[in-house]
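Colleague: My questions will all concern the structure given below.
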Amino acid sequence: MTFRIAPSILSANFAKLGEEVANVIASGADWIHFDVMDNHYVPNLTIGPLVCEAIRPCTTAPIDVHLMVKPVDRIVPDFAKAGANIITFHPEASEHIDRTLGLIRDSGCQAGLVFNPATPLNWMDHVMDKLDIVLVMSVNPGFGGQSFIPGALDKLREARAKIDAYTARTGRQILLEIDGGVKVDNIAEIARAGADTFVAGSAVFGAGKDSDPQRYNSVLANLRSALAGI
Ligand code: DX5
Ligand code: ZN
C-alpha cells in the first residue's frame, strides 16, 4: 500500500507561503493540498488561481486543489492553467457532475468528487470511469483545526468497498483521500478504514518553531511511522 500525505496550506503561514510549500515538501510531504473557499458554498474565503500560480514554481510536487466553490465549472480551466494537478469538487456545487469531471480531465488534471459528512456516496456510482480520486470529508468544510467526525470511518469503509469492486472489474485505480482532523494519533485507524491519501492541515503546519526550517520533519516522520504498521 502506498500512502500519500497532503498537508493543507490553509494552516500555513500565508506571509511566507512559497517557503512553507518548499519546506513541507522537503520535510517529506507528498502533495500540497490547496483549499479554495468562496464564502458562498462554504462560510470562509481563501485563495484562488493566482496563488496557485504563485506557488507552482516552489515545488514539483502535485498540487491537489480542493474546490469548495459554487458554481464549479467557470473556475476549473483557471486552476489547470495555474498548474493544478488534481482538482476535486463537491457534487452539490455542480449542476452537471459528469460534465464537470470531464471538464477537469479535458483540462489535463486528475478529477475527483468530495463527500461532506452528510453527503451519500452514491453520487459516485455512475461516474466511476471519470474518477481519479474520491475525497471523504471528516469535518464539515470551511475551516481548518476542527475535530475528526468518527462516522467518517464507516464512510471510508463503504467507499473502499466500492472502489475495490470497481478496480477488480476494470483494473483501474481510484485514490481514496480523507480530509479533516487527521492527526498522528488517528491516522493509523483512518488508514485501516481504507484511506490511502491523507490531508493534514493544523497537525502539520501547527508543528514546530517558525524559525526552524526543519520544523515539519518530525511531525511528518511521526505520521509516516504511524502508517508503517498498517
Ligand atoms: C476544511 C479543509 C481542510 C482543512 C483541514 O474545509 O478542506 O483541508 O484545511 O485542516 P485540519 O487538518 O486542520 O482539519
Ligand atoms: Zn481540503
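Colleague: Look through VAL24, VAL42 and report the one residue that is in a loop (DSSP other than H, G, I, E, B), surrounded by 21 or more Cβ atoms within 10 Å (Cβ to Cβ) and out of contact with any Cys (no Cβ under 9 Å at 6 or more places or on another chain).
Modeller: On the way: VAL24 fails: in a loop (DSSP other than H, G, I, E, B).
Answer to the selection: VAL42.
Colleague: I'd like to know if the range 53-69 contains one or more residues that are acidic (Asp, Glu) and farther than 21 Å from GLY144 by Cα.
Modeller: yes
Colleague: Now, a different point. Taking the condition in contact with a helix residue (DSSP H, G or I) (Cβ under 8 Å, 6 or more places away or on another chain), surrounded by fewer than 21 Cβ atoms within 10 Å (Cβ to Cβ), among the charged types (D, E, K, R) and not in a helix (DSSP H, G or I), does LYS209 pass?
Modeller: Answer is no for this residue.
Colleague: Considering (1) polar (S, T, N, Q); (2) within 14 Å of ligand 1 (Cβ to nearest atom); (3) assigned to a helix (DSSP H, G or I), say which one THR119 fails and leave the rest.
Modeller: Condition not satisfied by THR119: (3).
Colleague: Determine which member of the set GLY144, GLY180, GLY229, GLY151 is of a type in the set (Gly, Ala, Ser) and in contact (Cβ under 8 Å) with a residue 60 or more places away in the chain.
Modeller: Selected residue: GLY144, the only one of GLY144, GLY180, GLY229, GLY151 that is of a type in the set (Gly, Ala, Ser) and in contact (Cβ under 8 Å) with a residue 60 or more places away in the chain.
Colleague: I've got another one for you. Would you point out which residue out of ALA191, ALA159, ALA203, ALA165 is more than 16 Å from ligand 1 (Cβ to nearest atom), part of a helix (DSSP H, G or I) and touching a strand residue (DSSP E or B) at 6+ places or on another chain (Cβ under 9 Å)?
Modeller: ALA159
FYI, it's all coordinate maths here, none of it is from the lab. In this text the structure is predicted, and so the values were computed from the model without any measurement. Please note: Cβ atoms are built from the backbone with ideal geometry, for glycine as well, and neighbour counts cover all protein chains shown.
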